[in-house]
Amino acid sequence: MSNHHLRSQGWFGRSGKDGFIYRAWMKNQGIPDETFRGKPVIGICNTWSELTPCNAHFRELAESVKKGVIAAGGFPVEFPVMSLGETLIKPTAMLYRNLASMDVEESIRANPMDGVVLLCGCDKTTPSLVMGACSVNLPTIVVSGGAMLTGRFRGKTIGTSDVWRFNDAVRSGAMSEADLRMAEAAMCRSRGHCAVMGTASTMACMVESLGLSLPENAAIPAADSRRKVLAEYSGQRIVDMVKEDLKLSDILTREAFENAIMVNAAIGGSTNFVLHLLAIAGRIGVPLDLEDFDRYSQGIPLLANLQPSGEYFMEDFYYAGGLPALMKAMHGKLHAGAMTVSGKGIEENYREASIYDEAVIGTMEKPFKELSGIAVVRGNLCPDGAVLKPSAASPHLMKHRGQAVVFEHIEDYHARIDDPDLPVTPDSVLVLKNVGPIGYPGMPEVGNMALPKKLLEQGVEDIVRISDGRMSGTGFGTVVLHVSPESAAGGPLALVRDGDWIALDLEARTLHLDVDEAELAARRAAWQPSHPVAGRGYVQLYQQHVGQAHQGADMDFLRGGSGSAVTRDSH
Ligand code: FES
C-alpha cells in the first residue's frame, strides 16, 4: 500500500481549511510537519491508569512502542481508553467490558489512524480492546503488559490463587490478620498483572495463540526488560502491517479460534476465556459456539503446570520456554499455517522454541495432567449450557449427586453462609442465583463461593457449587459456572429450592435437577424476578441488551462491526 492511500491522509493529506485544522492542532504539541506528513499513523490504545494497578507501567511501555513506530517510519499517537482495573472497580469490571469496547471502537474509527497497537493487561482490558478493534478491523497488534514477578512470603512462593486459601485460613483461624497484611506486600512485589494462569495471563496467551501478538508476548514478565523490547518490535511491525494491509479479519479466522481453544486447554486457562472468545468471534463474524470449547479441548492434555491448576507461576513459564515452547509441543494438533501479525503462519513463530524445564511445561507424551480444558455441561438445569474447569475440580466430585442449599442472591449468601444452622454437609450442592449478566448485573466472579465456616473447620476443601456467575481465573474447585439461561432471565436455575437433588456427571457432560416437570411448571408459574433493575444510564442499556453467557455476554447491537469508514466527515 502506498502512503497516498493511507486512511490518515483523509485528515492530514487534505488541503484548504480542513487540512489546516487537522494539521495545525497537531502542531501545538510541538510536532514538526515532516514528522507526520504522509506517514502511517499508528494509534497506541492505552489502558494505563493508576486505578488499574496491573497496567500502571503502560506509559513506559507505550514509549517503547513509539520508538519502534518511529524507527519503522510511522507516526505514533497515544490515546487513552476506559481502563478496567479488576481489583477496584465495583460492582464488577465485567459490567463495563462492553462499554470499554465501545470506547475503543469509536475512538479508533473516529480518529486518523492507519493501524493500532493495543496495550492490554488486567483481565478485561484485553477482551474489551480486542472486541472494539475487531468492530473497526484495521491492522492491529496486541502488546500485553506481562505478569508480576512471583510473590515470595516466608520462604514460599505465592500468587493470586493464595488469596482464596489465605481467606479460608483466616476464617478457620489458621492465619492471623497481621500475617495476611504481610502477605499482601509479598505477593504484589512488582509491576504487572496476576502472576498465575488467571484471566489476565489467559488473555495474554489467547492473543498470542490467535496470532494477534508477536511470539513470547504471553509470558515475558512485566519487570523483565525484554518486555520493552517486544513492545518496540511490535511498534516496528505494525507499520509494516499497515503497508501490507494485514487486518484483524485476515488473522482471526476460524482456524485461529480453534488454535486458541486448544492452547487454552493446554495451559489450563480461565473459564472467562469462553465468554471473551465468544464475544470476539461475534465481533469479527466467525461462527463459534459453546460446544466448540469442549470439542477442541478433547484430546488436549494439560501441559502447563501453572497455578491455579498446578504449581508454578508465569515467570517460571517464561523461563521454561513460554507459549512458543508449549505450542511447539502441540504441533500436529494446531493449525500450523494460521496467519499471525508477524506475517507468518503460527508454526513459524514457534518452530525455534524449546522446553527448558519439563516440570513447568510438559509434552503431549508426558503431560502434567490428562484432564484439561473447559467442560460444557447441559441438562434441564442449564438448557443453553454451563461450564466447568476440570483441571481445577476435585476428582471425587466430578460425578456427584447432592441436595441443594440455595442462595437467592449474593447478599443472601453473605448473610447465611457461616450460619451454624445452615443445613449444609460435604455432600451438599451450593446454588447461587441472580449473579448472571442481567441479574447482578454484570456477572461477577463470585461463582467459586467460599465454603461455609463449619465445613472448613471439618477440613472440607471443596464441594459442588453452581451459579450463573463467573469465577476468577485464579479460583479453583468443582464449580459449575455461566449457567444459561441465567436465573434473572427466567432460566431453570431460578426454580431450584433447598433440598432439591442435583446430579452432576462430568464425564456424561450433564447437570440435572431432579424435580419432575409438573412441579417445575408450577414453580415457573409462580416465579417473579427479584434482581435489581437499573432505571437509567449505561447499566439500564446493558440490562436491556446484554446477551446470555453462552453467547459471550456481548450486547446485541454490538455484535459484528462497522468497518473503519467515517460516514460523515466535513467540518
Ligand atoms: Fe489485574 Fe489480576 S487483578 S490481572
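7 Å from Cα along Cα→Cβ at both T567 and R509: what's the point-to-point distance in nm?
Distance between label points: 4.1 nm.
Once you order the gyration tensor axes a ≥ b ≥ c over the Cα atoms, which shape class does segment 89-163 get: rounded for a/c under 1.5, otherwise prolate or oblate by comparing a/b with b/c? Mind showing how you got there, number by number?
On the way: a/c = 4.46, a/b = 2.04, b/c = 2.18.
Oblate, because a/c is 1.5 or more while a/b does not exceed b/c.
Which aspartates and glutamates does K366 reach when only Cα atoms under 17 Å apart count, and residues fewer than 8 places away in its own chain are ignored?
Hits, sequence-local ones excluded: E311, D357, E358.
As a test of the formula, what do you get for the chain when each DSSP H run with n ≥ 4 contributes -39,500 (n - 2.57) and the sum is divided by the residue count, at 222 nm and rounded to the nearest 500 deg cm²/dmol? Write down the numbers at each step before the final one.
Details: 21 runs with 202 residues, N = 571.
Helices in the chain give a 222 nm mean residue ellipticity of -10000 deg cm²/dmol.
For an R0 of 35 angstrom, estimate the FRET efficiency from the Cβ-Cβ distance between E457 and A359 and round to the nearest 0.05.
Efficiency, rounded to the nearest 0.05: 0.50.
Which of the residue pairs K369/K453; K67/K247; K17/K247; K369/K454; K124/K399; K90/K156 have a Cα-Cα distance greater than 27 Å in the structure shown?
Over 27 Å Cα-Cα: K369/K453; K17/K247; K369/K454; K124/K399; K90/K156.
Please report, as a whole percent, how much of the solvent-accessible surface of segment 56-150 comes from carbon and sulfur atoms (probe radius 1.4 Å).
Carbon plus sulfur share of accessible area: 59 percent.
Within the accessible area of segment 393-539, what % is carbon and sulfur when the probe is 1.4 Å and the other protein chains stay in place?
Solvent-exposed carbon and sulfur of segment 393-539 make up 52 percent of the total.
So in the chain, which Cys have no other cysteine's beta-carbon sitting under 4.7 angstrom from theirs?
C45, C120, C134, C188, C194, C205, C382
Of all trypsin sites (Lys or Arg not before Pro) in segment 110-206, which ones are in loop regions per DSSP and have a Cβ with at most 13 other Cβ atoms within 10 Å?
Details: sites: K124, R152, R154, K156, R165, R171, R181, R189, R191; in loops: K124, R154, R189, R191.
Loop-located and lightly packed - R154.
Starting from the amide H of Y356, placed 1.01 Å from N in the peptide plane, find each other amide H under 5 Å away whose residue is 5 or more places distant or on another chain.
G321
If I ignore ligands, DNA and RNA and count only protein heavy atoms, how much of V229 is accessible to a 1.4 Å probe, in Å² to the nearest 10?
70
If I fit a long axis through the Cα atoms of helix 161-172 and take the longest principal axis of the Cα atoms of the chain, what angle between them do I get, 0 to 90°, rounded to 10?
Tilt of helix 161-172: around 30 degrees.
Give a residue-ordered list of calculated ³J(HN,Hα) values for segment 328-334 (Karplus: 6.51 cos²θ - 1.76 cosθ + 1.60, θ = phi - 60°; whole Hz; x for Gly, Pro).
Result, ordered by residue: 5, 5, 9, 4, x, 8, 6 Hz.
Indicate the gyration tensor shape class of segment 226-330 (rounded, prolate or oblate), computed on the Cα atoms with a ≥ b ≥ c the square roots of the eigenvalues: a/c under 1.5 is rounded; otherwise a/b larger than b/c is prolate and the rest oblate.
Oblate is the answer for segment 226-330, as a/c is 1.5 or above yet b/c matches or exceeds a/b.
To the nearest 10 Å², what's M262's accessible area with a 1.4 Å probe?
10
Mind checking the full-extension length gain between W527 and A178? Use 0.36 nm per residue of separation minus the Cα-Cα distance, one decimal, nm. Write down the numbers at each step before the final one.
Values: separation 349, 0.36 × 349 = 125.64 nm, distance 4.62 nm.
Answer, rounded to one decimal: 121.0 nm.
With a 1.4 Å probe and every protein chain left in place, tell me how much accessible area E258 has, in Å² to the nearest 10.
My reading of the accessible area for E258 is about 20 Å².
Dipole of the chain, Cα-centred, from +1 at each Lys and Arg C-beta and -1 at each Asp and Glu C-beta, to the nearest 20 debye?
With Lys and Arg at +1 and Asp and Glu at -1, about 1580 debye.
Please report the relative contact order for segment 162-298, taking Cα pairs under 8 Å with a sequence separation of at least 6, and give it as a percent rounded to a whole number.
This gives 23 percent for segment 162-298.
On a 0 to 90 degree scale, rounded to 10, what angle separates helix 58-71 from the longest Cα axis of the chain?
Roughly 40 degrees between the two axes.
Compute the relative contact order of segment 377-510 as a whole-number percentage, counting only Cα pairs closer than 8 Å that sit 6 or more residues apart in sequence.
Over segment 377-510, the number comes to 36 percent.
Can you pull out the GluC sites (Glu not before Pro) in segment 33-98 that DSSP calls coil and that have at most 12 other Cβ atoms within 10 Å?
Passing both the DSSP loop test and the Cβ count: E50.
Assuming R0 = 45 Å, can you tell me the calculated FRET efficiency for the pair T425 and D556, based on Cβ-Cβ distance, to the nearest 0.05? Please list the in-between numbers first.
Details: r = 42 Å, r/R0 = 0.94.
Once the sixth-power term is evaluated, E becomes 0.60.
Can you give the FRET efficiency for W501 and D418, using 1/(1 + (r/R0)^6), R0 = 25 Å, r = Cβ-Cβ distance, to the nearest 0.05?
0.50
Measuring with a 1.4 Å probe in the full set of protein chains, what accessible area per residue, in whole Å², belongs to the chain? Each step should come with its number before you reach the end.
On the way: 21580 Å² over 571 residues.
About 38 Å² of surface per residue is accessible.
Count the DSSP beta bridges whose two residues both fall in the chain, then state the antiparallel fraction as a percent rounded to the nearest 5.
Of the beta bridges lying entirely in the chain, close to 40 percent run antiparallel.
Counting other C-beta atoms within 10 Å, and keeping those with at most 16, which DSSP coil chymotrypsin sites (Phe, Trp or Tyr not before Pro) do you find in segment 257-356?
Taking segment 257-356 and a limit of 16 other Cβ atoms within 10 Å, the loop chymotrypsin sites (Phe, Trp or Tyr not before Pro) found are Y356.
What percent does the relative contact order of the chain come to when contacts are Cα pairs within less than 8 Å and at least six residues apart?
Details: 1347 pairs, mean separation 80.1, N = 571.
About 14 percent, as a whole number.
Compute the angle between helix 225-244 and the longest alpha-carbon principal axis of the chain, please, reported from 0 to 90 degrees and rounded to the nearest 10.
Long axis of 225-244 versus the principal axis of the chain: about 60 degrees.
The values are calculated or read from the model by the stated rules, or taken from the named source; none is laboratory data. None of the values given here were measured: they were computed from a predicted structure. Cβ coordinates were reconstructed from backbone atoms using ideal geometry, including for glycine residues, and neighbour counts include every protein chain displayed. These accessible areas exclude ligands, DNA and RNA; they are computed on the full protein's heavy atoms, side chains included. Shrake-Rupley method; radii C 1.70, N 1.55, O 1.52, S 1.80 Å.
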